[in-house]
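Q: Attaching a single structure in structure tokens format; questions to follow.
The values are calculated or read from the model by the stated rules, or taken from the named source; none is laboratory data. All values derive from a computational prediction rather than experimental measurement. Cβ placement follows ideal geometry from the backbone for every residue including glycine, while neighbour counts extend to all protein chains displayed. Surface areas here come from the heavy atoms of the whole protein model, side chains and all, with no ligands, DNA or RNA. Shrake-Rupley method; radii C 1.70, N 1.55, O 1.52, S 1.80 Å.
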Amino acid sequence: MELNGNLKIAVQRSGRLSEGSLALLRQMGLRFETYQDRLFTSCRNMPIDILFLRDDDIPEYVQDGVADLGIVGSNVLDERDVNVERLLPLDFGYCALSIAIPETSSYTSVQELNGKKIATSYPQILAKYIKKKNIKAEIIFLKGCVEIAPALKVADGICDLVSTGSTLRTNRLRTIDTVMQSQAVLIGTEKTKPQNRSTVEKLILRVQAVQDARAYKYIMFNLPRVALEKVKKLVPGCKSPTVVPLADPDFIAVHSVVLEEEFWDIVEKIRECGGSGILVSPIEKFIRS
Ligand code: PRP
Ligand code: ZN
């Protein structure tokens, strides 16, 4: 890769976060080509390069300023003592760092791993956790393929990420305890060159716009004009709802945005106020301010 002045974003090369990371970058308007086993790609429409790295290496790359931004699981950040800025949680890549044992084991609680061996790629987090729980276990540090440690008799249990649970299932392991929850986060660094700072800020705004678009729905409905004052409070939108006259002077159409999670409650109240013909559509992008 040529050393150009392009802004660099580091994402996981292959794994749980790869697909979600690339989808987010595309929703943010970045246009690029990619295929399996690529190491980097340059965007067609912006001076940005995407680096495909092992997720565990991303915090250091960002800390050292080799990458300006990175998408990584919060679990990886909690494990390492790295100096990066946590910019935004990204609302994907949800998983749990869990302690698991062979399906056939008779253990019913994590306490039974006292005096035993636990294999993990997260020795710092695990050490703190078992200390808190008053468990003395030997921590076997493995960089990858932690899930086969019990079958190889390298350890009695493991502490690893569980997302869909299919890795545990395939390796005949079951969760006995959960250490922490994790999701993807956007990280940045103070080492970003001055000429790239404004692009970083623009990208953060775009991430927020993508997230807000996902969190909100666009709603339109007809309403008896007399019910407007009441309904205005239900669907305030950004400033206040858009009100459009209908051919029938007693009715208006109201347009607004509502939070997806409050959506059903609001719809019921709109109906109680006489609202009808309620149309809802997804929002592609939402720039709130
Ligand atoms: C984690 C973990 C498991 C997998 C669990 O890997 O090490 O291999 O995800 O997911 P599942 O419950 O859906 O099967 P990650 O993508 O973080 O890659 P790495 O372990 O190679 O860093
Ligand atoms: Zn990893």
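Q: Can you give the longest stretch of the chain with no exposed loop site, where a site means GluC sites (Glu not before Pro) in a DSSP loop (not H, G, I, E or B) with at most 13 other C-beta atoms within 10 Å?
A: Of all site-free stretches, the longest is 191-283.
Q: Under 21 Å between alpha carbons, and skipping anything fewer than 8 positions from Lys131 in its own chain: which lysines qualify?
A: Lys116, Lys117
Q: Note down the magnitude of the dipole of the chain about its Cα centre, charges +1 on Lys and Arg C-beta and -1 on Asp and Glu C-beta and zero elsewhere, to the nearest 20 debye.
A: It comes to approximately 140 debye.
Q: Give the long-range amide H neighbours of Gly93: residues separated by 5 or more places, or on another chain, with amide H under 5 Å away, using H modelled in the peptide plane at 1.01 Å from N.
A: For Gly93, whose amide H was placed from the backbone, the distant partners under 5 Å are Ala184.
Q: Amide H to amide H, which residues 5 or more places from Thr189 or on other chains are under 5 Å from it, using H placed in the peptide plane?
A: Glu85
Q: In whole Hz and in residue order, list the ³J(HN,Hα) couplings for segment 197-213 that follow from phi through the Karplus curve 6.51 cos²θ - 1.76 cosθ + 1.60, θ = phi - 60°; x for Gly and Pro.
A: Working through the residues one at a time gives 4, 5, 5, 4, 4, 4, 5, 4, 4, 5, 4, 4, 5, 5, 5, 5, 4 Hz.
Q: Counting DSSP beta bridges in the chain, what percent are antiparallel, to the nearest 5? Write down the numbers at each step before the final one.
A: Values: 43 of 58 bridges.
DSSP beta bridges in the chain are roughly 75 percent antiparallel.
Q: Let me ask another. Got a sec to turn the phi values of segment 56-64 into Karplus ³J(HN,Hα) couplings, 6.51 cos²θ - 1.76 cosθ + 1.60 with θ = phi - 60°, whole Hz, x for Gly and Pro?
A: 5, 8, 4, x, 5, 4, 6, 4, 7
Q: I'd like the per residue volume of the convex hull spanned by the Cα atoms of segment 31-164, given in cubic angstrom. Numbers along the way, then the final one.
A: Working: hull volume 19.6 nm³, N = 134.
Cα-based convex hull of segment 31-164, divided per residue, equals 146 Å³.
Q: In percent, what relative contact order does segment 1-121 have, based on Cα pairs under 8 Å that are 6 or more apart in sequence?
A: For segment 1-121, the relative contact order is 26 percent.
Q: Between Tyr94 and Ser198, with labels modelled 7 Å along Cα→Cβ, what's the label distance in nm to one decimal, could you check?
A: Taking the simple label geometry, Tyr94 and Ser198 are separated by 3.8 nm.
Q: Anyone know which of Asp81, Asp265, Asp49 comes out most mobile in the 10 Å Cα GNM of the chain?
A: Asp265
Q: Let me ask something else. So if each residue of separation counts as 0.36 nm, and I subtract the Cα-Cα distance between Thr34 and Phe141, what length gain in nm does that give?
A: 35.2 nm
Q: Got a sec? What order do Ser121, Ser163 fall in by accessible area at 1.4 Å, biggest, i.e. largest, first?
A: From most accessible down to least: Ser163, Ser121.
Q: Could you work out the helix-only [θ] at 222 nm for the chain, with each DSSP H run of four or more residues adding -39,500 (n - 2.57) and the total divided by the number of residues, to the nearest 500 deg cm²/dmol? Working shown, then result.
A: Numbers: 8 runs with 76 residues, N = 289.
One gets -7500 deg cm²/dmol as the mean residue ellipticity at 222 nm.
Q: Need one number for segment 137-237: average projected area of the convex hull over its C-alpha atoms, nm².
A: The Cα convex hull of segment 137-237, projected and averaged over all directions, gives 13.7 nm².
Q: Can you give the relative contact order of the chain as a percent, counting alpha carbon pairs under 8 Å and 6+ residues apart?
A: Reported relative contact order: 19 percent.
Q: While we're here: How large is ³J(HN,Hα) for each residue in segment 33-41, as worked out from phi by the Karplus curve 6.51 cos²θ - 1.76 cosθ + 1.60 (θ = phi - 60°), to whole Hz, x for Gly and Pro?
A: Running phi through 6.51 cos²θ - 1.76 cosθ + 1.60 with θ = phi - 60° gives 9, 7, 7, 4, 6, 6, 9, 7, 8 Hz.
Q: Just how far, in whole angstrom, is segment 201-244 from segment 64-142 if you go by their alpha carbon centroids?
A: 40
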